[in-house]
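All remarks here apply to the structure that follows.
The values are calculated or read from the model by the stated rules, or taken from the named source; none is laboratory data. Because the structure is a prediction, the values reported are computed rather than measured. Every residue, glycine as well, gets a Cβ built from its backbone with ideal geometry; the counts of neighbours run over all protein chains shown. What goes into the accessible areas is simple: the full protein's heavy atoms, side chains included, and nothing from ligands, DNA or RNA. Shrake-Rupley method; radii C 1.70, N 1.55, O 1.52, S 1.80 Å.
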Amino acid sequence: MRVYVFRHGIAEDAAPGQDDSMRRLTPKGIEKLNRTLRTAREAGVRPDMILTSPYVRAVQTAEAAKEALGFEGELIETEVLVPYQNPFDLWREILSHGTSGELMVVGHNPLLSDFVCFLTGTPSYGIVLKKGAIAMVDVLPSSPRPQGSLIWLLTARTAGG
């Protein structure tokens, strides 16, 4: 099983009284996402399924991935991808969708960096995803804990900017 872990792009600062879930991507965030996604497409990233946090900035990121990568399915919004959730709960959600093919999850830190560490057996904070970064992890879906290898980590900077 291949899992692409995609942190949302740069988002606007919250306005006074604005709910964090409503923050949108900035123009610079969209530009950097597009650069990363072009490189991901050239690297052959073709998810069979995309799970996303319901927060606006994550949905915008997932929609950009859907378009750039030619994904034709529906985005699946799930609360297990909102900030500060448990990596184990995200793993159980993934397993509920099957263990074959290629899956992309789109969300927030600290969850996504913790999730890559969880998949690879790396100590917490051993791998940190910057905004707009995508990690590709090959996973043996053993239960209850996966066994994964980090294959690559792509950021806007490594994608040419």
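Would you pick out the residues in the range 140-161 that are within 13 Å of T122 (Cβ to Cβ) and either among the aromatic types (F, W, Y) or in a strand (DSSP E or B) (or both)? Outline the logic, then answer.
First pass over the range 140-161, keeping only residues within 13 Å of T122 (Cβ to Cβ): 145-150, 153.
The answer is Q147, G148, S149, L150, L153.
Which pairs do you get when a residue that is farther than 8 Å from L119 by Cα, found in the range 141-152, comes within reach of a residue that is open to solvent by 60 Å² or more (accessible area, probe 1.4 Å) and assigned to a loop (DSSP other than H, G, I, E, B), reach meaning Cβ atoms under 7 angstrom, with the pair 6+ apart or on two chains?
Within 7 Å, the pairs are P141/T99.
In this structure, does G132 turn out to be touching a Leu at 6+ places or on another chain (Cβ under 6 Å), on the phi > 0 side of the Ramachandran plot and either open to solvent by less than 40 Å² (accessible area, probe 1.4 Å) or of a type in the set (A, V, I, L, M) (or both)? Explain how you work it out, then say what you get.
Working: touching a Leu at 6+ places or on another chain (Cβ under 6 Å): yes; on the phi > 0 side of the Ramachandran plot: yes; either open to solvent by less than 40 Å² (accessible area, probe 1.4 Å) or of a type in the set (A, V, I, L, M) (or both): yes.
Here the answer is yes, as G132 does meet what is asked.
Tell me, please, whether a residue that is among the acidic types (D, E), under 21 Å from L150 (Cα atoms), open to solvent by less than 50 Å² (accessible area, probe 1.4 Å) and outside any strand (DSSP E or B) can be found in the range 96-114.
Yes: the range 96-114 contains one or more residues that are among the acidic types (D, E), under 21 Å from L150 (Cα atoms), open to solvent by less than 50 Å² (accessible area, probe 1.4 Å) and outside any strand (DSSP E or B).
Please indicate, with yes or no, whether at least one residue in the range 60-83 is farther than 29 Å from G121 by Cα, buried (at least 19 other Cβ atoms within 10 Å of the Cβ) and polar (S, T, N, Q).
So far as the range 60-83 goes, yes, one or more of its residues are farther than 29 Å from G121 by Cα, buried (at least 19 other Cβ atoms within 10 Å of the Cβ) and polar (S, T, N, Q).
Which residues, counting only those in the range 31-69, are without any contact (Cβ under 8 Å) to a residue 40 or more places away in the chain and hydroxyl-bearing (S, T, Y)?
Scanning the range 31-69 gives no hits.
Residue by residue through the range 22-51, note down the ones that are open to solvent by less than 10 Å² (accessible area, probe 1.4 Å), in contact with a His (Cβ under 9 Å, 6 or more places away or on another chain) and either under 19 Å from R2 (Cα atoms) or of a type in the set (F, W, Y) (or both).
Scanning the range 22-51 gives a single hit, L51.
For the range 69-95: of the residues being part of a helix (DSSP H, G or I) and of a type in the set (A, V, I, L, M, F, W, C), which is nearest to the chain's Cα centre (by Cα)? Please lay out each step first, then the result.
Residues of the range 69-95 part of a helix (DSSP H, G or I): 69, 79-81, 87-95.
Then keep just the ones that are of a type in the set (A, V, I, L, M, F, W, C); that gives 69, 80-81, 88, 90-91, 94-95.
Working: L69: 14, V80: 12, L81: 9, F88: 15, L90: 12, W91: 13, I94: 13, L95: 16 Å.
Checked the range 69-95; the qualifying residue nearest to the chain's Cα centre (by Cα) is L81.
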